[in-house]
Amino acid sequence: MLSSVSRIESSEPSSKDCVFGVDAVHSAGSMTEENTISPAPKDSVDKAKKVRKPRTKTVKSAGDLSVPASTAPRALKKTETHNRLRIKVRAYEHAILDKSVKQIIDTATRYNAEIIGPVPLPIDIKRYTVNRAAFIDKDSREQFEMRIHKRMIDILNPGPKVIEALTNIDLPSGVSIDVKMMS
């Protein structure tokens, strides 16, 4: 402890002395490690020089038209999805919403449908501010809010049995459903 304090309190530290106890020397701009060349014998006047490691760059000639596999563009995975059934479910209570979404997913998986979701969508918050008194006391107010929770489910390539099962599903009151067929 005393040696590091005395080193700091003494004159400026040399390039090899590091306050943090690290022996490697780093340049301030690029933070790449630099090697020091040990000086020649004491008879020589040359001092230690810093040599920066060069960054490796590959240069391609104009005649080389072959593209390595690592730089080739990746082939996109194409799925044969022509139809998509998008179901948006809304409710004021999140517990009822989650139960109805689970019921929809169970019905779709029963008929081996490919499902994406449920994706939670942002909650719509509607705030209302109302005066407490009708005539005076403008400073006295009440604030109310309604939260509308939303989920989105996508069913890829739904079959007729899946669509029929989803139309016959019985959901609790307070849950609204929007169904869109997208291509």
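Points worth noting:
- Whichever residue in the stretch 140-161 is surrounded by 10 or more Cβ atoms within 10 Å (Cβ to Cβ) and more than 35 Å from the chain's Cα centre (by Cα) and, among such residues, is farthest from GLN103 (Cα to Cα): ARG141
- Identity of the residue in the stretch 100-121, of a type outside the set (A, V, I, L, M) and touching a strand residue (DSSP E or B) at 6+ places or on another chain (Cβ under 9 Å), that ends up farthest from MET152 (Cα to Cα): THR109
Residues are listed down the side, and each one gets a yes or a no for (1) in contact (Cβ under 8 Å) with a residue 40 or more places away in the chain; (2) part of a helix (DSSP H, G or I); (3) among the β-branched types (Val, Ile, Thr); (4) under 21 Å from ILE96 (Cβ atoms):
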| residue | (1), (2), (3), (4) |
| --- | --- |
| THR129 | no, no, yes, no |
| LYS138 | no, no, no, no |
| ILE163 | yes, yes, yes, no |
| ASP170 | no, no, no, yes |
| SER176 | yes, no, no, yes |
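- When we screen ILE123, ILE116, ILE105 for residues that are within 14 Å of ARG90 (Cα to Cα) and in contact (Cβ under 8 Å) with a residue 24 or more places away in the chain, the only hit is ILE123.
Just so you know, all these numbers are worked out from the coordinates, no wet-lab data involved. Keep in mind it's a predicted model, so treat the numbers as computed, not measured. Here the Cβ is made from the backbone with ideal geometry for all residues, glycine too, and neighbour counts use every protein chain on show.
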